[in-house]
Amino acid sequence: METHVIGFPRIGARRELKKAVEAYWKGAADRSSLEDTGKRLMEYAWKTQKEAGLSLVTVGDFSYYDHILDMALALSLIPSRFRKEDYPHDLDLSFALARGDRERNIPALDMTKWFDTNYHYIVPELEDSSSIRLAEHTRIEEQVHLARSLGYRVKATLPGPLTFLSLARETGERPRWSFADEVGKAYATLLSRLAPHCEWIQMEEPILATDLSSPQKQAWASIYAQLSDHTERILVACYFGPVGENIELLLSSGVRGIHLDLTREGVEVLSRIPEDRVVSLGVIDGRNVWRTDLEAAARIVEPEVARRGEDKTMLSSSCSLLHVPIDLELETTLPDYIKEWLAFAVQKCRELSLLARHLTNGETGPEWESARKAAEARRRHPEVMIPRVRERVASVTGAQLARSLPFADRKALQQEKLGLPLFPTTTIGSFPQTPEIRKVRARFKRGEISREEYETYMEGEIERVIREQEALGLDVLVHGEPERNDMVEYFAELLPGYCTTTNGWVQSYGTRCVKPPIIYGDVHRSEPMTIRWITYAQSLTSRPVKGMLTGPVTMLKWSFVRDDIPARDVAFQIALALRDEVADLEAQGITVIQIDEPAIREGLPLRRTQWEEYLTWATDAFRLASSGAAPGTQIHTHMCYSDFEDIIEWIARLDADVISIEASRSDMQLLEAFHRFEYPNDIGPGVYDVHSPRIPGIEEMYRLLKKALEVIAPGQLWVNPDCGLKTRAWEEVRPSLTNMVEAARRLRKEY
Ligand code: GLN
Ligand code: ZN
């Protein structure tokens, strides 16, 4: 039985790729040293797969920046604002495409989330003048030759043509599907070049886990028809969700190999696949960090292996292991009992090969036994199942999900309390995180300074931020979040049920990596989390200071979540912890509380039919966290986007008194959705683009506000930046906010 993974992480167990690429960008290392690191990382990945006992190594998953970008280059899809000749080497061209070319002032390609993951890919551009043809040299071929020269049995992997075309952006008049023919031809040429060196060629087609339109289906048929010479060698991989009715389409292409994600799809679908096809069973979860319950996994796949035969079944990870950290062995601070429950990429490869040995010769060695014991121990552990927490979630009532008064009444009470002017000004939470702030936090974490020194420093910083805001004339202040490294990690470190890793890095995009916390047990609050800082900030000023919390859905979506209870229950546990924090803040005299939820939209399931279920519990969780607040307490929320067209009724359902959103770059276009829906509560559409160092002028922000007033009422409008200011410098923030406050003042004169 063949065993393989869909892909392996490429950043290196110690983030070697990040370091090497950034050194190259800085000019501290040359191309050949960067390429040496690249080769070493590929060899490490292949060796790890082989030593774990996998029968195939996956080749082509390595990239210096992004594999979708590499595919665009392989297809000669280079936007016309970039000219290939301007760059000494393909690598430089690809970095310029990904990051923009500052010298020549050419903007980068866009970047966006890869399906429902936190990985970001570079969005290829289809221009009217684009012509797609296979490049003479491609990275994938180079990588395959390297692996072959080292003696590996190779499965090459490519972004599937339909997925690639579906994710690209049309920049002109020409529709994407008109490129299908050229794409098919280019892939056909690539496949004929690769085929002699590979056992399999994997086409990653997660787009099959989404609802396909009819042009998409036609494009599939026409592209795969061109690949018919290679069907014997092609393995199409569908993952991130059930293939559902798209299985017919997949089968009609005649490809011999079909990979399905059995962590997100039932086995019933397998009976629809004819017996002459080879099926790759994705049973080891590539999206999460839990050690596999091998006995349960064996029960799932055994009947299929028996029916189809070992020569026609493969065992695999559900999707690429790109989404999990590399090696659990490098974790030195996790408690041993939790470590026992986890498996990172290296461990997942071993699980796969053990599972295969078990299925072929019944092997049940000590590893098998220890996996069984670990699964058992996890189920019973007192931190995993806390009756008190479960009961509290089970007894949540409808009344706890709603504020005690409707918005209009709350607004009157809040106005009385806060006495804010028309067009109140505020910011989203963080102020510049200077290198010094970061250093103090890191030194405290390492135990190099005392708690007292740390707190004194942070108080000094908070005071500075309060005085700055008073001088700027802002109406609702924030404490600036200097104590937070990250909006999720900060709370994860304080909430029992969460743990954090020291080396659990996962690629987010390019050289940026994140270390998502892990929710392993029942989450509850053991002590107040923000009171100390917020009350200190409030004690310094007579203006209202916002309590600042991260919402339950974001706390969940930006973490690895336990797989033994429904996500909804985890979200409710977190929501209840936040509800207690809200109550404490209120009791300390805090009258404005912001609960950030930037992750609600990206959590949308890939299939429309599942939206309602998700949005129901996601919005309920927010309501559970926020609705305990007295009607006179003003609840804010914040989201880092404003494309609410298709979920506006759900945003309204959050019933936040004020929502701040990103809007400056879209020229307020996106407020239309609020207008059409007659959204009743207050809105703060961002007028200051915090992603750019540019300082927006008074006139510019005033104009944006006027534009907003074309669709929303004066009494509804707040004035704020697009997002937090933590990545900006004070020299940019000060003049920008001065202008913003001035724009609001100018507007007030007219009303
Ligand atoms: N309150 C957070 C900040 O200001 C919000 C960050 C976010 O929306 N991603 O940094
Ligand atoms: Zn934001």
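Does Lys546 qualify as being basic (Lys, Arg) and buried (at least 23 other Cβ atoms within 10 Å of the Cβ)?
On the way: basic (Lys, Arg): yes; buried (at least 23 other Cβ atoms within 10 Å of the Cβ): yes.
The answer is yes for Lys546.
Can we say Phe644 is surrounded by fewer than 22 Cβ atoms within 10 Å (Cβ to Cβ) and of a type in the set (A, V, I, L, M, F, W, C)? For Phe644, the condition - surrounded by fewer than 22 Cβ atoms within 10 Å (Cβ to Cβ) and of a type in the set (A, V, I, L, M, F, W, C) - is not met.
Scoring Tyr121 on the criteria (1) outside the structural domain of Leu54 (by the TED database); (2) out of contact with any Asp or Glu (no Cβ under 8 Å at 6 or more places or on another chain); (3) not in a loop (DSSP other than H, G, I, E, B) leaves a single failure, condition (2). Per the listing Val561, Val582, Val592, the residue uniquely away from ligand 2 (no atom under 16 Å from the Cβ), in the same structural domain as Ala656 (by the TED database) and in contact with a His (Cβ under 7 Å, 6 or more places away or on another chain) is Val592. Within the range 137-148, the set of residues being at pLDDT 95 or above and either of a type outside the set (Val, Ile, Thr) or assigned to a helix (DSSP H, G or I) (or both) comprises Arg139, Ile140, Glu141, Glu142, Gln143, Val144, His145, Leu146, Ala147, Arg148.
Residue pairs whose Cβ atoms lie under 7 Å apart, separated by 6 or more positions or on different chains, with the first residue in the range 412-434 and over 15 Å from Arg745 (Cβ atoms) and at pLDDT below 95 and the second more than 16 Å from ligand 2 (Cβ to nearest atom) and among the acidic types (Asp, Glu), do not occur.
The lone criterion from (1) touching a residue at least 24 places away in the same chain (Cβ under 8 Å); (2) away from ligand 1 (no atom under 15 Å from the Cβ) left unmet by Gln669 is number (1).
Only a single item in (1) exposed (fewer than 15 other Cβ atoms within 10 Å of the Cβ); (2) of a type in the set (A, V, I, L, M, F, W, C); (3) in contact (Cβ under 8 Å) with a residue 60 or more places away in the chain is not met by Ala471, and it is number (3). The residues on offer are Ala577, Ala571, Ala621, and the sole one that is more than 25 Å from Pro242 (Cβ to Cβ) and either of a type outside the set (A, V, I, L, M) or more than 15 Å from ligand 1 (Cβ to nearest atom) (or both) is Ala577.
Close contacts from the range 57-75, counting a first residue that is at positive phi and a second that is hydroxyl-bearing (Ser, Thr, Tyr) and at pLDDT 95 or above, with Cβ to Cβ under 6 Å and a gap of 6+ residues or different chains, come to Gly60/Thr157. Among the residues of the range 277-290, just one is within 22 Å of the chain's Cα centre (by Cα) and of a type in the set (Lys, Arg), namely Arg287.
Checking the conditions here, which among Arg441, Arg464 is out of contact with any Gly (no Cβ under 6 Å at 6 or more places or on another chain), away from ligand 1 (no atom under 13 Å from the Cβ) and touching a residue at least 24 places away in the same chain (Cβ under 8 Å)? Before you say what the answer is, go through the steps one by one.
On the way: Arg464 fails: touching a residue at least 24 places away in the same chain (Cβ under 8 Å).
The match here is Arg441.
Please indicate, with yes or no, whether at least one residue in the range 184-200 is within 30 Å of the chain's Cα centre (by Cα), at pLDDT 95 or above and more than 24 Å from Glu265 (Cα to Cα). Yes: the range 184-200 contains one or more residues that are within 30 Å of the chain's Cα centre (by Cα), at pLDDT 95 or above and more than 24 Å from Glu265 (Cα to Cα).
The residue that is farthest from Gly429 (Cα to Cα), counting only those in the range 691-745 that are away from ligand 1 (no atom under 16 Å from the Cβ) and among the acidic types (Asp, Glu), is Glu710. Could you run through the range 296-330 and say how many residues are among the hydrophobic types (A, V, I, L, M, F, W, C) and closer than 12 Å to Leu355 by Cβ? Final tally of qualifying residues: 8. Cβ-Cβ contacts under 9 Å between residues 6 or more apart (or on different chains), taken from a first residue in the range 595-607 that is not assigned by the TED database to the domain that holds Gly429 to a second residue that is near ligand 1 (Cβ under 9 Å from one of its atoms) and modelled with pLDDT under 95, are absent. Within the option set Gly480, Gly473, being closer than 19 Å to Ser539 by Cβ, in contact with a helix residue (DSSP H, G or I) (Cβ under 7 Å, 6 or more places away or on another chain) and either in the same structural domain as Leu540 (by the TED database) or within 16 Å of ligand 1 (Cβ to nearest atom) (or both) holds for one residue only, Gly480.
Of the residues Ser692, Ser642, which is closer than 28 Å to Gln415 by Cβ and either in a helix (DSSP H, G or I) or out of contact with any Gly (no Cβ under 6 Å at 6 or more places or on another chain) (or both)? Break it down into steps so the answer makes sense when it comes.
Numbers: Ser692 fails: closer than 28 Å to Gln415 by Cβ.
None of the others qualify; the one that does is Ser642.
For the range 596-618, filtered to residues that are in a loop (DSSP other than H, G, I, E, B) and more than 16 Å from ligand 1 (Cβ to nearest atom), the residue that is farthest from Asp722 (Cα to Cα) is Arg607.
The values are calculated or read from the model by the stated rules, or taken from the named source; none is laboratory data. In this text, all values refer to a predicted model and were calculated from it rather than measured experimentally. Virtual Cβ from ideal backbone geometry, glycine too; neighbours counted across all protein chains shown.
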